[in-house]
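Below are the structure tokens for one structure; questions will follow.
The values are calculated or read from the model by the stated rules, or taken from the named source; none is laboratory data. As the structure is a computational prediction, the values presented were derived from the model and not from experiment. Every residue, glycine among them, receives a Cβ derived from its backbone with ideal geometry; neighbour counts consider all protein chains shown.
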Ligand SMILES: [Zn+2]
């Protein structure tokens with residue numbers, strides 16, 4: 001992992017020089033302002049000079065305060081924000097709502113997390129609604145849109161406002177909002193997969209209901225979880241059910257587009273890898289302080305979640321296309337399903 005650590009060190013030095021440059025700009029503006037004051041002193045009545053100078057100095061101080069944010073270290077942060085001891089620098093100070101929103105415009109150790117889950121919201125809203133087959137699968141289209149959008153909304157708000165100066169209670173509520181977004185994605189996002197898998201089964205409704213019950217149980221456990229691993233294991237029950245359905249699809253014993261299988265494997269496989277990296281703090285565990293701003297475990301996990309949701313979208317679109325053409329037979333269900341995939345090579 002040495003090259004990763006070295007690369008990140010260079011990024012940190014660029015960030016530090018950017019910050020010092022930012023301060024130099026502020027100092028330059030201060031000097032420029034002083035020069036103006038000197039010119040004004042020649043023209044203005046000497047009795048008023050002191051008052052004007054004090055006002056201008058106050059304005060300069062306020063300007064410097066509003067444009068320069070001194071980032072803090074891990075040891076300076078309150079306990080609830082010390083969740084990763086291997087990320088040492090780049091922490092935003094506690095601030096109000098306006099301060100949190102302003103942090104969108106300078107570089108800190110949550111910038112990558114905010115952007116990697118903020119940009120997908122805009123991209124998905126601009127593209128996915130126009131790709132969905134609303135006429136044929138209205139309910140499933142809504143499920144997919146909600147499942148695609150939910151993880152980014154919760155995550156974006158959590159990372160942007162985690163340094164809100166309202167104490168640990170508000171922080172843990174934001175964390176639950178983040179978890180709720182992931183749950184929505186896992187639950188609503190997989191409804192099409194479950195429906196396509198049991199498309200020709202008489203127990204299709206029971207299958208979907210069973211998946212919903214497991215998801216609700218996972219949500220209940222997730223909201224009570226107190227550690228990163230506990231939070232991830234809450235999604236175990238719906239995941240195990242999906243694995244069983246994937247195995248049935250692998251052996252062509254269930255419905256669904258065979259062309260979507262690569263994306264079906266990726267959507268859960270990539271999520272598991274991302275979750276493990278995040279919980280184990282790789283790679284910052286091996287080089288503490290070197291990947292504070294970029295390429296740390298949470299950054300990597302965020303990117304892998306984007307890949308997982310992309311795969312979910314691809315698998316969902318293919319399954320919907322398959323369902324729109326599939327024909328089910330009462331006598332022998334598995335043979336016609338396999339033959340449908342073969343007779344429609346465009347699927
Ligand atoms: Zn996150």
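Within the range 174-183, is there a residue that is modelled with pLDDT of 95 or more and surrounded by fewer than 21 Cβ atoms within 10 Å (Cβ to Cβ)?
yes
Now a separate question. I'm checking my understanding of the structure. Among residues of the range 147-174 that are part of a helix (DSSP H, G or I) and touching a strand residue (DSSP E or B) at 6+ places or on another chain (Cβ under 9 Å), which one is farthest from the ligand (Cβ to nearest atom)?
My answer is 170.
Listed here are the residues, each with its yes/no results for (1) outside the structural domain of residue 183 (by TED's automatic domain parsing); (2) without any contact (Cβ under 8 Å) to a residue 60 or more places away in the chain; (3) surrounded by 15 or more Cβ atoms within 10 Å (Cβ to Cβ); (4) within 20 Å of the chain's Cα centre (by Cα).
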| site | (1), (2), (3), (4) |
| --- | --- |
| 216 | no, yes, no, no |
| 225 | no, yes, yes, yes |
| 233 | no, yes, yes, yes |
| 238 | no, yes, yes, no |
| 247 | no, yes, no, no |
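Here's a follow-up. Just a yes or no: is a residue in the range 294-316 closer than 24 Å to residue 226 by Cα, assigned to a loop (DSSP other than H, G, I, E, B) and either in contact with a helix residue (DSSP H, G or I) (Cβ under 7 Å, 6 or more places away or on another chain) or within 16 Å of the ligand (Cβ to nearest atom) (or both)?
Scanning the range 294-316 turns up at least one residue that is closer than 24 Å to residue 226 by Cα, assigned to a loop (DSSP other than H, G, I, E, B) and either in contact with a helix residue (DSSP H, G or I) (Cβ under 7 Å, 6 or more places away or on another chain) or within 16 Å of the ligand (Cβ to nearest atom) (or both).
A further question on this structure: Can you name every residue in the range 227-263 that is more than 20 Å from residue 201 (Cα to Cα), in contact with a helix residue (DSSP H, G or I) (Cβ under 7 Å, 6 or more places away or on another chain) and at pLDDT 90 or above?
239, 259, 263
Right, something else. Given the criteria buried (at least 20 other Cβ atoms within 10 Å of the Cβ), assigned by TED's automatic domain parsing to the domain that holds residue 188 and within 16 Å of the ligand (Cβ to nearest atom), does residue 108 qualify?
Yes.
State yes or no: is residue 298 under 25 Å from residue 149 (Cβ atoms) and touching a residue at least 60 places away in the same chain (Cβ under 8 Å)?
Here the answer is yes, as residue 298 does meet what is asked.
For the range 70-102, which residues satisfy the criterion of being in contact with a helix residue (DSSP H, G or I) (Cβ under 8 Å, 6 or more places away or on another chain) and loosely packed, with under 14 Cβ neighbours inside 10 Å?
Answer for the range 70-102, where residues must be in contact with a helix residue (DSSP H, G or I) (Cβ under 8 Å, 6 or more places away or on another chain) and loosely packed, with under 14 Cβ neighbours inside 10 Å: 78, 79, 82, 85, 97, 101.
Quick grid of which residues meet (1) within 24 Å of residue 237 (Cα to Cα); (2) outside any helix (DSSP H, G or I); (3) within 16 Å of the ligand (Cβ to nearest atom); (4) not assigned by TED's automatic domain parsing to the domain that holds residue 317:
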position: 102; (1), (2), (3), (4): no, no, no, no
position: 116; (1), (2), (3), (4): no, no, yes, no
position: 119; (1), (2), (3), (4): no, no, yes, no
position: 133; (1), (2), (3), (4): no, yes, no, no
position: 142; (1), (2), (3), (4): yes, no, no, no
